[in-house]
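The values are calculated or read from the model by the stated rules, or taken from the named source; none is laboratory data. Predicted, not measured: the structure shown is a model, and the values here were computed from it. We place every Cβ from the backbone using ideal geometry, glycine too, and count neighbours over all the protein chains shown.
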Amino acid sequence: MPAFICRYSVVVVLSVLAACGEVDMSCEAAGDVTPLCGVQMPEDLEVMPNDGGLLIGEYGDGGQLPGALVWYQPGPRAEFIQLVTSSDITVGKNGDTWGEENCPLPDQLSPHGIHLSSRGDSLQLLVVNHSSKEHVLFYEVQAAENTETAPTLAWRGCVAFPPTAVLNDVVALPDGGFAVTNMYQRENQILAQIKSSLGLNDGHVWRWVPGSGLKVMANSAAKMPNGIEVSEDGESIWVNNYIEQELRQYDVATEEVMTRIKVANIDNSAWLDDGRLLLASHLSPLTMSPCFGLTKGSCGSGYELVAVDTKSGATEVIFRAEQGGPFGPATVAVPYQGKFYAGSFSGDRLAEITLY
Ligand SMILES: [Ca+2]
């Protein structure tokens with residue numbers, strides 16, 4: 001999420017604040033959008049296999065607040081169920097680590113991007129976490145025997161990052177490691193955000209390989225790398241460069257840029273069943289000041305869901321929400337049981353979106 005833009009605007013462009021919308025505290029459906037209230041800043045979502053519900057990473061405004069890993073199964077009895085909280089981050093720990101040996105534990109759970117994938121016969125959830133250090137956390141996901149019961153998560157270790165890191169989103173790679181976006185270099189935060197917006201503080205993509213550790217991927221420098229996805233064969237990654245307004249594909253082995261596709265203000269992404277990549281795109285970042293740190297209601301900032309044919313580069317806006325209403329801006333949307341479910345870095349609700 002584009003933390004720098006609104007903070008920058010607060011500091012520099014006071015007039016923008018007048019254009020920012022009201023916070024909508026209602027939880028009533030509006031048109032094709034039904035808000036599902038009772039969750040904290042659900043910045044990223046993953047779909048469990050076999051109709052097993054949605055996994056949610058509750059954001060905490062970049063580590064300002066703790067958040068939880070949460071499960072949600074839509075339906076008449078739906079509720080948000082916390083699977084892991086700060087009080088028990090290492091739930092289910094049994095010595096079988098998928099991360100670094102002797103990884104220093106985070107002092108709070110405050111998630112950002114998450115990624116669910118197969119790991120042999122297991123299911124692995126990766127979690128970007130903000131605490132006094134930046135981490136990527138590993139959990140093993142055990143599905144319940146029926147779709148109305150929450151899965152369980154078990155701690156499988158972590159990887160800790162240098163003090164300059166400010167992470168956003170992560171994907172698993174076939175070698176048991178991962179690629180994770182680093183938005184910019186941590187220094188004085190406001191200064192870093194202003195420098196990032198001026199192109200003076202590049203982020204990049206980290207790769208972690210079991211047994212050989214962290215490295216910065218070549219050619220990945222960008223002003224604010226945000227969401228990331230991985231191709232089905234695991235050989236390439238798709239990185240959303242928010243400020244350049246560009247989706248980039250990198251070859252994981254050679255680290256060369258393979259493809260560039262223009263899409264405005266892109267946050268997270270998810271694969272659609274038809275093979276296209278669905279991007280959450282913000283319509284107007286300069287009106288998002290009321291959204292930051294908002295724990296109740298919705299700032300209603302506008303967004304588009306953009307489906308990208310990654311082979312042809314063709315883009316299609318499949319849903320657009322103007323400013324206002326009970327949800328927004330989306331940072332992610334996933335298809336599930338014939339509908340779309342969107343999350344946001346702001347507010348206390350998901351959106352259930354019905355497309356006809
Ligand atoms: Ca993101």
Could you figure out which of (1) assigned to a loop (DSSP other than H, G, I, E, B); (2) out of contact with any Pro (no Cβ under 8 Å at 6 or more places or on another chain) isn't true of residue 327? (2)
Checking the conditions here, which among 39, 47, 70 is β-branched (Val, Ile, Thr), within 14 Å of residue 347 (Cβ to Cβ) and away from the ligand (no atom under 16 Å from the Cβ)? 39
Picking from 209, 180, the residue that is modelled with pLDDT of 95 or more and within 16 Å of the ligand (Cβ to nearest atom) would be 180
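Of everything in segment 229-263 that's of a type in the set (A, V, I, L, M, F, W, C) and without any contact (Cβ under 8 Å) to a residue 24 or more places away in the chain, which residue is nearest to the ligand (Cβ to nearest atom)?
Per the stated criteria, the residue is 258.
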Given the conditions (1) touching a residue at least 40 places away in the same chain (Cβ under 8 Å); (2) over 18 Å from the mean Cα position of the chain (by Cα); (3) surrounded by 15 or more Cβ atoms within 10 Å (Cβ to Cβ), and given that residue 202 satisfies all but one, which numbered condition is not satisfied? (1)
In segment 212-228, which residue that is assigned to a loop (DSSP other than H, G, I, E, B) and hydrophobic (A, V, I, L, M, F, W, C) is farthest from the ligand (Cβ to nearest atom)? 218
Here are the criteria: (1) within 16 Å of the ligand (Cβ to nearest atom); (2) buried (at least 24 other Cβ atoms within 10 Å of the Cβ). Tell me which single one residue 62 does not satisfy. (2)
Scanning for something under 23 Å from residue 350 (Cα atoms) and surrounded by fewer than 16 Cβ atoms within 10 Å (Cβ to Cβ), does segment 96-114 turn up at least one residue? no
Hey, residue 279 touching a residue at least 12 places away in the same chain (Cβ under 8 Å) and either under 30 Å from residue 147 (Cα atoms) or under 17 Å from the mean Cα position of the chain (by Cα) (or both) or not: yes
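Answer with yes or no whether residue 295 is among the polar types (S, T, N, Q), surrounded by fewer than 19 Cβ atoms within 10 Å (Cβ to Cβ) and modelled with pLDDT of 95 or more.
yes
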